[in-house]
Structure formats: C-alpha cells, structure tokens
Amino acid sequence: MKILSLCLYQWRGNNITEPKLLASAFELSSFGFFKRKAVQEWCVFISDTLVKRTNESQRQSVKENNYLCHVHNRFDNLACVAVCDSEYTPRVAFALLNKVMDDFNEIYENKLGKLEEYPFEQIGQLLTKFQDPNQVDKLSKIQRTLDETTIVLQDTIEKVLERGEKLENLVDRSEVLSMQSKQFYKTAKKHNSCCIIC
Amino acid sequence: MEGERIYTKLQQIFNSGQKIKEFGVIFEHVSVNSEYYPLFFEEGNLGVHYQNILSLLQFSLCLFNQRSTLSEKEILILTKILLLVNPGFVTALNKRRTYLYNGSINPEKELDYLDILLARHPKIQELWIYRFDILEEYFKQNKNQINNINNKNPNNNNNNKKENNNVNSNSNSSSNNNNKEENNNNKNNKEINERLEKEFSICSKCADIYPRNYYAWTYRIKLWKHLSDPLSLLLEELNVTMKQFVKKHLSDYSALNYRQFLLKEIETQLKKKKKKKKKKNNKMKYWICISKNYYLFRICNQITLGLSRLGNTGNLFSNL
C-alpha cells in the first residue's frame with residue numbers, strides 16, 4: 001500500500017501546448033539503487049501522458065501492471081497525478097490529489113502563468129503523510145465527497161491513448177525518458193515480461 | 001577479451017575488501033576516466049553494463065569448467081562472481097557450501113554477500129536454503145567459541161554451557177569465573193539477537209519486493225528455533241511488527257499464514273510455562289486478532305474443517 005509519485009501540472013490556458021510540471025515528489029526507497037532513476041522517469045512519463053489524455057474536470061484511474069495511476073484534471077487549469085500500487089484505496093488517492101491542488105492554490109492563487117518557478121515543498125510532506133491512509137484525518141476524507149462526476153477506470157494505458165497512437169512511438173519521441181529507460185522498455189518488451197537479467 | 005577484463009576488475013573490487021551494498025545492471029556507459037571502468041562502483045553500488053554481462057558469464061563458465069585445475073582461493077572468487085550474474089547456478093552454490101563446512105568461508109561475510117543476491121532475486125529457493133545452512137554454521141561456530149573460552153577456566157571441565165546462563169551449581173569456581181561465563185553468555189545472546197534481527201529485516205525486505213514470497217516467510221518461521229526464550233519477542237512480533245506489515249500489504253496471505261504460526265507458537269510456549277493467568281489474557285488477544293482479520297478467520301475455518309475431517313478436534317480450539 002504505497003504511493004510512488006505525486007506530480008502537479010499546469011494544463012490548458014495561457015498558450016500551453018504541453019503539460020507544465022509545477023511540482024513533484026517521489027517515494028522510491030523500495031526499489032534498488034539502479035532502478036530508481038528509471039522508475040522516476042517512468043512515473044513522470046506516465047503522468048505526462050495521462051494528463052494529456054484526460055478531459056477537463058474528469059478523474060481517471062489507469063491500471064499498469066500492478067500499479068494504479070490516479071489522475072484528476074481540474075477546471076482551474078491544474079492537473080495532478082498519483083502513481084500508487086493496486087492496494088491503495090482510490091478514494092484516499094483522489095482526496096490526496098484534491099488536497100495537493102487546494103494547497104497549491106492557497107499559495108499561488110491567480111498567479112498561474114505569471115511566475116517562472118513555483119516552489120512547493122508541501123508536496124513532499126503530503127506524500128509521506130498519505131503513505132499510510134489509515135492515519136490520514138478521517139474528517140477531511142469524508143468532507144471531500146466526490147461530486148457527481150464519476151471516476152473512469154481504465155484497464156491498460158493503451159486505452160487512454162488516441163486511436164492509432166502506440167506506446168512505443170510515445171516512448172521513442174519522449175524527451176523526459178533517458179536512453180537508459182528507453183532501452184529498458186525495449187528489452188522488457190522483447191522478453192515479454194520484466195527483463196530477466198534486471 | 002571483454003569478459004576477462006570485467007572479471008579481473010570484479011576480482012579487484014572483491015579482494016579490496018570494500019563493502020558492496022547492491023549489484024545491478026546499468027544501461028549507460030561509464031566514462032573511460034572513472035576508476036573502475038567499465039564497471040560502475042560508487043558508495044557500495046556495483047553495476048555492470050548490460051552488454052557486458054553475457055561475455056562475463058561466458059568467461060566465468062569457461063573458467064568454472066576448468067575448476068579442477070584452480071586453487072581454492074581462485075574458485076572462491078570465481079563462484080562469487082558467477083553467482084552475482086546467475087544466482088540460480090546450484091553447482092557453484094554447492095561448491096561454496098563445501099568450503100563453508102570446510103571452514104574457508106566466514107559465515108558472517110557470506111550472509112552479507114547473500115544479502116546482495118537476495119535483494120535482486122528474492123524468490124530463488126536454493127539461496128534461502130543456503131542461507132539457512134550458513135546461519136546454522138554461524139551459530140555452531142559461536143557456540144564452539146563460547147565453549148572454548150569457558151573450557152579454558154580450570155574449574156569448569158565438565159560443563160556444557162547452554163545459551164541460557166545455566167551455570168552448573170556443582171562447580172567450585174570462584175565468583176570471578178562465574179561472572180566471566182555469564183558475560184560470555186550474555187555477549188553470545190546479544191550477538192544471536194542482533195543477527196536474528198538482521199535476518200528478520202532481510203525477510204521483510206524480500207517480502208516487500210516480491211509479495212507472497214513463500215520462501216522468505218518459511219525462512220522467517222525457521223528462525224524462531226534459534227531463540228531460547230522467545231515468548232516476549234513472539235508477542236512483540238505479533239502485535240507490533242506483523243500488525244504494521246499486514247496493514248500495509250493487504251492481500252499478502254503469506255503474511256497472515258505467518259501470523260497464524262505465531263499464534264500457535266505462543267500457545268505452545270505458554271503451555272511450557274504453565275501459567276494460567278497469562279493464558280487467559282492471550283486467549284482474549286487470540287480472539288481479538290481473529291475477529292480483526294477476515295482472511296485469518298477464513299484460514300482458521302478451513303483448518304478446523306480439515307481437522308474435523310481427519311477426526312481430530314484440534315488443539316487450537318479445544319482448550320478455549
């Protein structure tokens with residue numbers, strides 16, 4: 001029951017073509033030293049793709065191997081993605097996404113697009129706080145009752161992509177992923193499972 | 001030959017005595033100027049480029065086939081490097097086992113070496129079996145050390161020291177000698193407990209990496225045989241460590257199976273002590289634990305079903 005990464009983006013409005021990463025936090029201590037960098041890049045890559053493929057004011061949960069990615073694209077040009085494992089309760093994950101965006105708005109209300117950098121340290125603290133969903137304040141959990149929009153659940157990340165788009169092409173074209181991650185993806189695909197040597 | 005070059009570099013690193021925390025495969029080339037080119041070695045993290053692994057493996061296998069011509073030291077290093085790349089290679093593992101029983105391998109260092117292998121491949125059965133053998137050897141050697149120190153005292157010729165500070169009352173030793181023995185036994189206990197703590201942490205780590213890891217959990221069960229007075233530790237394990245673990249890993253039924261083992265073990269320990277008051281309190285805890293865990297309840301149901309079919313009422317429930 002853990003959250004791997006938490007990424008906050010600015011998306012739509014003010015001449016933005018790509019989602020702009022405002023703040024991010026990662027919890028990758030369960031991975032070996034050599035895998036951490038690759039996993040971090042993958043989390044950012046998946047978050048990028050999901051933000052682009054989620055409509056405005058929509059929440060989605062996408063399954064990828066044994067991880068579940070929760071994305072919430074809000075009306076005020078903010079989008080937030082959390083990559084968790086399959087045991088983490090989705091309701092708490094969406095409560096976390098809401099909290100991150102609310103906290104960000106408290107500091108930077110109406111300043112989106114005007115500043116260059118948005119230092120937001122609370123994102124790291126929230127990630128560690130929410131690692132144990134039982135300890136999270138129960139009142140705030142109940143208060144953030146989900147509104148009428150339902151959560152869309154997707155089985156694989158391929159279903160989020162547009163028609164004719166393939167994950168391999170996205171991987172190749174991506175600037176976020178280093179050579180290492182791309183190579184890892186290709187070799188993993190070849191063996192049809194996680195690379196045997198790795 | 002690339003394989004040979006990497007082999008000699010690895011040999012260098014192992015012989016230098018530096019501590020290796022992790023081994024991994026890297027996808028980026030290391031700069032030519034770095035100290036351990038073509039290997040990556042920083043802060044205990046050792047990495048080999050994925051294109052070099054095959055040549056390294058071929059070279060080491062070739063050497064291994066000629067092992068009858070090699071000296072003991074060379075074979076030790078060879079098997080170490082071979083097992084890094086292919087930890088499932090049982091012949092090399094058995095070779096190391098013979099050297100372990102020979103006395104050429106230090107059990108503690110071997111346990112640290114196995115940590116590296118298990119962090120990458122937590123579900124290889126042969127590694128866990130080997131780990132258990134090393135642990136037994138480690139405890140044997142510890143006992144022998146203590147016996148040797150105690151036997152040096154002239155008044156204690158016929159004593160067989162156990163781990164539990166049971167000093168023979170017939171001995172005419174002076175109080176100084178008694179204190180020395182107690183200190184030695186205390187040190188022994190501390191060392192044993194420290195080592196067992198490390199083993200428990202390795203088991204949890206491997207269970208974290210690969211959920212429902214049967215081998216890690218059965219190894220954890222076997223560890224309890226080495227403790228002399230386990231009741232308080234058992235209770236702590238049940239109420240603190242396992243509670244946290246089970247909450248974090250909801251669908252890990254192997255962890256719940258382990259909890260069941262702890263409950264049974266507590267019962268047997270209590271029977272040994274024959275204290276009825278404590279028994280009642282633990283009965284309450286027993287039922288509270290069951291009512292909190294749905295999976296455990298199901299497992300218990302299945303056990304009682306199975307036992308009733310066999311015709312036994314089952315010790316578990318008849319006493320309650």
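The values are calculated or read from the model by the stated rules, or taken from the named source; none is laboratory data. Predicted model, so just to flag it, every value in this text is computed and none were measured. No Cβ is skipped: glycine too gets one built from the backbone with ideal geometry, and neighbour counts run over all protein chains shown. We work out accessible area using only protein heavy atoms, side chains counted, and drop any ligands, DNA or RNA first. Shrake-Rupley method; radii C 1.70, N 1.55, O 1.52, S 1.80 Å.
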Practice problem: Compute, for B:K140, the solvent-accessible surface of its heavy atoms (probe 1.4 Å) with the complete set of protein chains present, and express it in square angstrom to the nearest 10. | Solution: 120 Å²
Quiz item: Put A:F75, A:F33 in order of accessible area, largest first, 1.4 Å probe: what do you get?
Solution: A:F75, A:F33
Exercise. Pop out a list of residues from the range B:231-257 that are at least 30 Å² less accessible with all the protein chains around than in their chain alone; 1.4 Å probe, no ligands or nucleic acids counted.
Key: B:K247, B:K248, B:L250
Self-check item: Contact surface A-B: accessible area buried, both sides summed, square angstrom, 1.4 angstrom probe
Solution: 1600 Å²
Exercise. Starting from the Cα-Cα distance between B:T98 and B:Y37, subtract it from 0.36 nm times their residue separation and give me the gain in nm to one decimal.
Key: 18.6 nm
Quiz prompt | Computed label-point distance, nm, for sites A:S57 and A:E116 using a 7 Å Cα→Cβ extension | solution = 3.6 nm
Self-check item: Rounded percent of accessible protein surface that carbon and sulfur make up, the range B:1-86, 1.4 Å probe
Solution: 49 percent
Practice problem: Compare B:S228, B:S204 by solvent-accessible area with a 1.4 Å probe and give them largest first, with all protein chains kept in place. | Solution: B:S228, B:S204
Quiz item: When only the heavy atoms of the protein chains count and the probe is 1.4 Å, how do B:I221, B:I53 rank by accessible area, highest first?
Solution: B:I221, B:I53
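As an exercise, use a Förster radius of 35 Å and the Cβ-Cβ distance of B:T8 and A:E168 to find the FRET efficiency, rounded to the nearest 0.05.
Efficiency, from the Cβ-Cβ distance: 0.35.
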Quiz item: R0 = 25 Å: FRET efficiency of B:K225 with B:Y253, Cβ-based, nearest 0.05?
Solution: 0.60
Quiz item: Quick one: accessible area per residue over the range B:1-154, 1.4 Å probe, rounded to a whole number of Å²?
Solution: 50 Å²
Quiz prompt | FRET efficiency, B:E22 to B:Q141 (Cβ-Cβ, R0 41 Å, nearest 0.05) | solution = 0.90
Quiz prompt | Of B:K19/B:K95; B:K205/B:K243; B:K222/B:K243; B:K247/B:K271; A:K129/B:K21, those spanning more than 25 Å from alpha-carbon to alpha-carbon | solution = B:K247/B:K271; A:K129/B:K21
Quiz item: Based on DSSP, what percent of beta bridges with both residues in the range B:1-86 are antiparallel, to the nearest 5?
Solution: 40 percent
Exercise. Taking only protein heavy atoms into account and a 1.4 Å probe, give the accessible area per residue of the range A:3-132 in Å².
Key: 44 Å²
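Express in nm, to one decimal, how much length is gained between B:N186 and B:F200 on full extension, taking 0.36 nm for each residue of separation and deducting their alpha carbon distance.
Additional length available on full extension: 3.0 nm.
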Quiz item: In the range B:42-89, which residues give up 50 Å² or more of accessible area once the other protein chains are added, compared with their chain alone (1.4 Å probe)?
Solution: none
Practice problem: Enter the mean number of other protein chain beta carbons within 10 Å of the beta carbon of each residue in B:21-27, as an integer. | Solution: 5
Quiz item: Which percent of the accessible area of the range A:3-132 is formed by carbon and sulfur heavy atoms (probe 1.4 angstrom)?
Solution: 46 percent
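What's the extension gain from A:R91 to A:L161 if we count 0.36 nm per residue and subtract their Cα-Cα distance? It would help to have the intermediate numbers written out before the result.
On the way: separation 70, 0.36 × 70 = 25.20 nm, distance 2.43 nm.
Using 0.36 nm per residue and subtracting the Cα-Cα distance, I get 22.8 nm.
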